[in-house]
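A.B. asks: First the structure, then my questions, so here it is.
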Amino acid sequence: MSDAPTAFAEAVHEVAYAYFAVPFFRRHMDDAGCAPTDLRRPSDLERIPPTVKAQYRSNFPHGVLAAGHGLDDPMLRRLQSSGTEGDRLLSVTYVFTLAERMATSLQMNPRYRFLSEASAIKTCRFAAPNCSDVECANPNSTMQDRTLPDGTLVLPVYHDLLTTPDAMLEQAAAEMSEYDPNLFYVDPVHMTWLAAHLARRGVQRWPGKRQAAVILSYTMPTHGTRRRIETFFGPGVPVAGALAMSEFGYLGMECQEGTLHLNTTDFYLEFVRDGQPGGPGELAELYVTTLRERVSPKIRYRTGDFYRRHHTPCRCGSAHPAVTYEGRRKNLLTAGGGRRVTPREVDDVIGVRSWIDLYQLSQLGADRFVLRFVGERSPDAREEESLRGQLADLLASSNVRCVHASYIASERGGKFSACKGPDEAAT
Ligand SMILES: [Zn+2]
């Protein structure tokens with residue numbers, strides 16, 4: 001929780017700015033019978049109802065842009081959500097605001113500071129095409145077609161990752177070598193699938209020579225995908241997860257201890273559990289309020305992402321709060337007895353198993369679960385029964401099936417979730 005007095009004062013300043021400059025937010029506060037002058041202490045912020053994606057989408061652009069700002073400003077950058085939760089949301093902010101947020105996150109991990117000092121960050125991106133604003137799945141697209149205005153190369157892949165033909169994976173690997181980036185910004189699922197493909201044809205290790213780093217984003221890294229990617233890039237290349245959202249850009253990063261820290265320099269953060277502030281260790285949703293956002297401030301924005309704050313500060317000494325990412329709301333499962341089980345808890349049980357490259361655990365009904373996994377070899381009966389038993393304990397269910405699959409479908413937005421809650425699994 002951002003509870004320092006200066007952080008709260010900055011949040012109030014942001015609320016006041018939004019109230020006087022942003023039409024949607026003015027109505028939002030007026031409807032709640034709340035004015036900026038009512039905000040005297042942090043708990044007063046709870047008088048402002050949280051805001052949600054649909055409100056920003058339906059009021060875009062004029063309702064959510066601050067007075068005096070238009071979409072024709074050349075310093076604006078547009079960020080589009082992947083559409084994992086229905087319609088896509090377009091967010092706009094200044095290029096330099098995004099750069100500041102990125103710099104704050106990269107500073108959290110000393111192994112990434114070389115990027116701040118490099119003459120240029122040369123980024124290679126591998127993720128669902130929807131996340132990249134380019135057409136990737138066309139087999140005839142060239143590297144030039146997939147190079148963004150900032151020079152980022154987006155590697156080719158199918159929208160439904162596991163249907164990507166081998167020839168396209170070969171092309172992605174070849175382009176990766178040719179482009180020789182110093183930053184790989186990848187979805188861990190996509191990178192794992194590519195590394196597994198390369199391992200099958202004898203390429204166990206990224207052959208790059210220059211100093212480089214890997215950032216895992218878009219979906220939650222699992223123990224398995226993280227291990228696979230670390231092995232592929234080798235010990236000289238740091239691999240860390242970053243939290244980034246199209247609504248905000250960078251929100252946080254893992255430090256050298258492997259702890260995720262959230263950026264409280266550029267954002268005011270709240271962890272909310274059932275409408276109340278959540279305590280350390282409690283499963284709580286992250287609400288984000290931007291700070292110093294001139295174009296389109298967001299106030300108490302419900303991210304739909306769940307975290308647990310750590311009880312103790314991280315050994316790295318960072319002042320940014322240490323948290324564990326637990327998963328998205330729609331990916332939470334309900335165990336027998338009603339307890340919510342997060343994708344993080346599921347992944348802690350699954351861990352690293354040599355026979356699982358990727359998996360998806362779906363809740364099919366109140367007490368029915370199926371784990372589908374893809375991997376090079378089939379588990380023996382003992383291995384499979386052991387995992388099934390551990391999942392049955394976690395989920396308090398006697399109805400857990402394990403299926404060695406050759407294919408698992410991506411979501412509509414192109415991402416691939418390790419867990420699917422009952423509503424999601426039914427569609
Ligand atoms: Zn740390």
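The values are calculated or read from the model by the stated rules, or taken from the named source; none is laboratory data. Note that the coordinates shown come from a computational prediction; the quantities given were computed from them, not determined experimentally. Using ideal geometry, Cβ is built from the backbone for each residue, glycine included, and neighbour counts are taken over all protein chains shown. Side chains included, ligands, DNA and RNA excluded: accessible areas come from the protein's heavy atoms. Shrake-Rupley method; radii C 1.70, N 1.55, O 1.52, S 1.80 Å.
A.B. asks: Mind checking which residues of segment 57-74 are open to solvent by less than 90 Å² (accessible area, probe 1.4 Å) and not small (Gly, Ala, Ser)?
C.D. replies: ARG57, ASN59, PHE60, PRO61, VAL64, LEU65, HIS69, LEU71, ASP73
A.B. asks: Right, another one. Please indicate, with yes or no, whether at least one residue in segment 373-382 is assigned to a loop (DSSP other than H, G, I, E, B), free of Cβ contacts under 8 Å to residues at least 40 places away in the same chain and among the basic types (Lys, Arg). Steps first, answer last, please.
C.D. replies: So in segment 373-382, the residues assigned to a loop (DSSP other than H, G, I, E, B) come out as 375-380.
If we keep only those that are free of Cβ contacts under 8 Å to residues at least 40 places away in the same chain too, we end up with 375, 377-380.
Restricting the remaining residues to those that are among the basic types (Lys, Arg) gives 377.
Yes: one or more hits.
Yes/no matrix, rows are residues, columns are (1) open to solvent by 30 Å² or more (accessible area, probe 1.4 Å); (2) within 23 Å of PRO207 (Cα to Cα):
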| residue | (1), (2) |
| --- | --- |
| SER116 | yes, no |
| THR123 | no, yes |
| VAL134 | no, no |
| ASP145 | yes, no |
| THR152 | no, yes |
| ALA167 | yes, yes |
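A.B. asks: Within segment 311-328, restricting attention to residues that are touching a residue at least 40 places away in the same chain (Cβ under 8 Å), under 23 Å from THR222 (Cα atoms) and open to solvent by 50 Å² or more (accessible area, probe 1.4 Å), which residue is farthest from the ligand (Cβ to nearest atom)?
C.D. replies: ARG328
A.B. asks: Now, a different point. I'd like to verify a number: residues in segment 363-373 that are within 24 Å of the chain's Cα centre (by Cα) and surrounded by fewer than 20 Cβ atoms within 10 Å (Cβ to Cβ), how many? Give the derivation first.
C.D. replies: The first filter runs over segment 363-373 and keeps only residues within 24 Å of the chain's Cα centre (by Cα), leaving 363, 371-373.
From what's left, surrounded by fewer than 20 Cβ atoms within 10 Å (Cβ to Cβ): 372.
The total comes to 1.
A.B. asks: Mind counting the residues in segment 90-113 that are open to solvent by 30 Å² or more (accessible area, probe 1.4 Å), away from the ligand (no atom under 14 Å from the Cβ) and not in a strand (DSSP E or B)?
C.D. replies: Looking only at that region, the number is 7.
A.B. asks: Right, something else. Could you tell me whether ARG302 is modelled with pLDDT of 95 or more, within 16 Å of the ligand (Cβ to nearest atom), touching a Phe, Trp or Tyr at 6+ places or on another chain (Cβ under 9 Å) and open to solvent by 30 Å² or more (accessible area, probe 1.4 Å)? Outline the logic, then answer.
C.D. replies: Working: modelled with pLDDT of 95 or more: yes; within 16 Å of the ligand (Cβ to nearest atom): no; touching a Phe, Trp or Tyr at 6+ places or on another chain (Cβ under 9 Å): yes; open to solvent by 30 Å² or more (accessible area, probe 1.4 Å): yes.
When the stated conditions are applied, ARG302 does not pass them.
A.B. asks: Are any residues in segment 329-349 open to solvent by 50 Å² or more (accessible area, probe 1.4 Å) and assigned to a strand (DSSP E or B), and if so, which ones?
C.D. replies: THR334, ARG340
A.B. asks: Taking the stated definitions as given, is ARG308 farther than 30 Å from PHE96 by Cβ, within 16 Å of the ligand (Cβ to nearest atom) and buried (at least 19 other Cβ atoms within 10 Å of the Cβ)?
C.D. replies: Yes.
A.B. asks: Of everything in segment 138-154, what is of a type in the set (Val, Ile, Thr) and within 16 Å of PHE184 (Cα to Cα)? Give them in sequence order. Steps first, please.
C.D. replies: Narrowing segment 138-154 to residues of a type in the set (Val, Ile, Thr): 142, 147, 152, 154.
If the condition is that a residue be of a type in the set (Val, Ile, Thr) and within 16 Å of PHE184 (Cα to Cα), then THR147, THR152, VAL154 are the ones that fit.
A.B. asks: I've got another one for you. In segment 30-40, is there at least one residue being in contact (Cβ under 8 Å) with a residue 40 or more places away in the chain and small (Gly, Ala, Ser)? Spell out how you get there, then give the answer.
C.D. replies: Initially, segment 30-40 is screened for residues in contact (Cβ under 8 Å) with a residue 40 or more places away in the chain, giving none.
Looking for residues that are in contact (Cβ under 8 Å) with a residue 40 or more places away in the chain and small (Gly, Ala, Ser), one finds none in segment 30-40, hence no.
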